Amino acid sequence: MPSFKGQIFSKLPQAGTSIFAVMSKLAADFDAVNLSQGFPDFPVSEKIISKVNHYMKKGYNQYAPMPGVPKLRNAIAKKVLDTFNVAYDPETEITVTAGATQALFTAISTFVKDSDEVIIFEPAYDSYAPAVKINGGLVKYAELKAPDFKIDWEEVKKMISNRIRMIIINSPHNPTGSLLAESDLIQLDLLTRNSDIIVLSDEVYEHLIFDGNKHQSVCLYPELVSRSLVVGSFGKTFHATGWKTGFVLAPANLTSEFRKLHQFVVFASNTPIQHAIADFLGEPENYLHLPDFYQAKRDFFVQKLEASRFNIIPCYGTYFQLLDYSIISDEPEMVFAERLVKEHGIAMIPLAPFYHKQPNQQLMRVCFAKKEETLAKAAEILCKI
């Protein structure tokens, strides 16, 4: 096909292909065990699949209401009330989205305008900064320091100005598996009071928390609730990342603005899946078992790696584990990751692409949302390196 001959002004001139796509393609090309992209390799519940099929056959195949199917929004409201004792109005404060990434992009696009500043904590999920930049915003990076990846609130305080429009937080944290503590949310609360700062809280791994820890949602803090958009994901909760169904919780005045843009981005998300998830959420055992389920996978994988030369960074949530390879090699992370695929048949994600300056900390992120046989095979390979 002939190429376009006119001038192209890229809104993201530095952006390339996502590291997740790069490593997954490399894994496929070399038939490697793929622990890179964050998706389960075990089946979705037959129970929820049958519910999707049920609603398809009943004819629920046309557009859903723009904010989401009412019974799903009601189910989300009940779940949040039961979990955090916070009441969101399903009519005016809950919106169903076509996945969490769409929710994040729409939230940023709704509230960030030219020259607004947004604080992002690095390492960070790779969609945050591009969404800010494409809307004319300026990213201010606060670095989480290895190995515990905690927030330095004194550093954050120095970054605050009247140009800060948004602070994006993520807990449980992708890619490090760290958690925000109660003290972190208190600091955030104090820092944003009496300001125009909006908090965008990415809580898609809310149910994947280990070792008896508690999820510190902004929902638990009344002042933060008043200025926050909380993003959730059913793809993470129900092992169905390809269904791309998420939600946003926010006060009515923020939701009203969010929906103005949401309607023009996707209008509505998948109808039969919304109905099926609403039914599934009505049985709390379908998600309350997740901490034990994924902690067992984490523990199984870590135990299998005890004989390896990798240093295991503690993981308290999500389904990602960081591995330090500094005693194995001094190669840059991307070089090491590519060599692992080509020479050893295993794919992992280097941590560097989660930073804007891409430092070399000799850390790899692996996904343990896999069957035990996959994890055992991966550990066997890693123990030989």
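The values are calculated or read from the model by the stated rules, or taken from the named source; none is laboratory data. Not measured: the values here are computed from a predicted model. Note that each Cβ is placed from the backbone with ideal geometry, even for glycine, and that neighbours are counted across all protein chains shown.
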Where ILE328 falls short, out of the listed (1) in a helix (DSSP H, G or I); (2) touching a residue at least 24 places away in the same chain (Cβ under 8 Å); (3) of a type in the set (A, V, I, L, M):
(1)
Considering the range 38-62 alone, what residues qualify as being charged (D, E, K, R) and loosely packed, with under 15 Cβ neighbours inside 10 Å?
GLU46, LYS47, LYS57, LYS58
Please enumerate the residues belonging to the range 156-172 that are among the basic types (Lys, Arg) and surrounded by fewer than 17 Cβ atoms within 10 Å (Cβ to Cβ).
LYS157, LYS158, ARG163
Would you check if there is a residue in the range 237-247 being closer than 30 Å to ILE385 by Cβ and in the same structural domain as THR97 (by TED's automatic domain parsing)?
yes
Got a number for residues in the range 63-100 being surrounded by fewer than 17 Cβ atoms within 10 Å (Cβ to Cβ) and over 30 Å from GLN216 (Cα atoms)?
2
Which members of the range 131-147 meet the condition of being without any contact (Cβ under 8 Å) to a residue 24 or more places away in the chain and either crowded, with 17+ Cβ neighbours inside 10 Å or touching a Pro at 6+ places or on another chain (Cβ under 7 Å) (or both)?
ALA142
Positions within the range 282-303 being of a type in the set (A, V, I, L, M) and either modelled with pLDDT under 95 or in contact with a His (Cβ under 9 Å, 6 or more places away or on another chain) (or both), in sequence order:
LEU288, LEU290
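Listed here are the residues, each with its yes/no results for (1) in contact with a Leu (Cβ under 6 Å, 6 or more places away or on another chain); (2) outside the structural domain of LEU261 (by TED's automatic domain parsing); (3) under 30 Å from ARG298 (Cβ atoms).
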position: PHE4; (1), (2), (3): no, yes, no
position: SER24; (1), (2), (3): no, yes, yes
position: LYS51; (1), (2), (3): no, yes, yes
position: MET56; (1), (2), (3): no, yes, no
position: ALA77; (1), (2), (3): no, no, no
Of those in the range 309-330 that are surrounded by 15 or more Cβ atoms within 10 Å (Cβ to Cβ), polar (S, T, N, Q) and in contact with a strand residue (DSSP E or B) (Cβ under 8 Å, 6 or more places away or on another chain), the residue farthest from GLY16 (Cα to Cα) is ASN311
Out of the residues in the range 331-350 meeting the condition of being in contact (Cβ under 8 Å) with a residue 40 or more places away in the chain and outside any helix (DSSP H, G or I), tell me which one is surrounded by the fewest Cβ atoms within 10 Å (Cβ to Cβ).
GLY345
When you check LEU104 against the structure, is it in the same structural domain as LYS244 (by TED's automatic domain parsing), surrounded by 16 or more Cβ atoms within 10 Å (Cβ to Cβ) and not hydroxyl-bearing (Ser, Thr, Tyr), yes or no?
yes
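For every residue, the table says whether it meets (1) without any contact (Cβ under 8 Å) to a residue 60 or more places away in the chain; (2) more than 19 Å from LEU254 (Cα to Cα).
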residue	(1), (2)
GLN62	no, yes
PRO67	no, no
LEU72	no, yes
ASN85	yes, yes
THR92	no, no
THR97	no, no
ALA100	no, no
ILE108	no, no
VAL112	yes, no
Being among the aliphatic types (A, V, I, L, M) and assigned to a helix (DSSP H, G or I) is the filter; apply it to the range 294-310 and report the residue that is farthest from PHE210 (Cα to Cα).
VAL302
Within the range 173-226, count every residue that is surrounded by fewer than 24 Cβ atoms within 10 Å (Cβ to Cβ) and aromatic (Phe, Trp, Tyr).
2
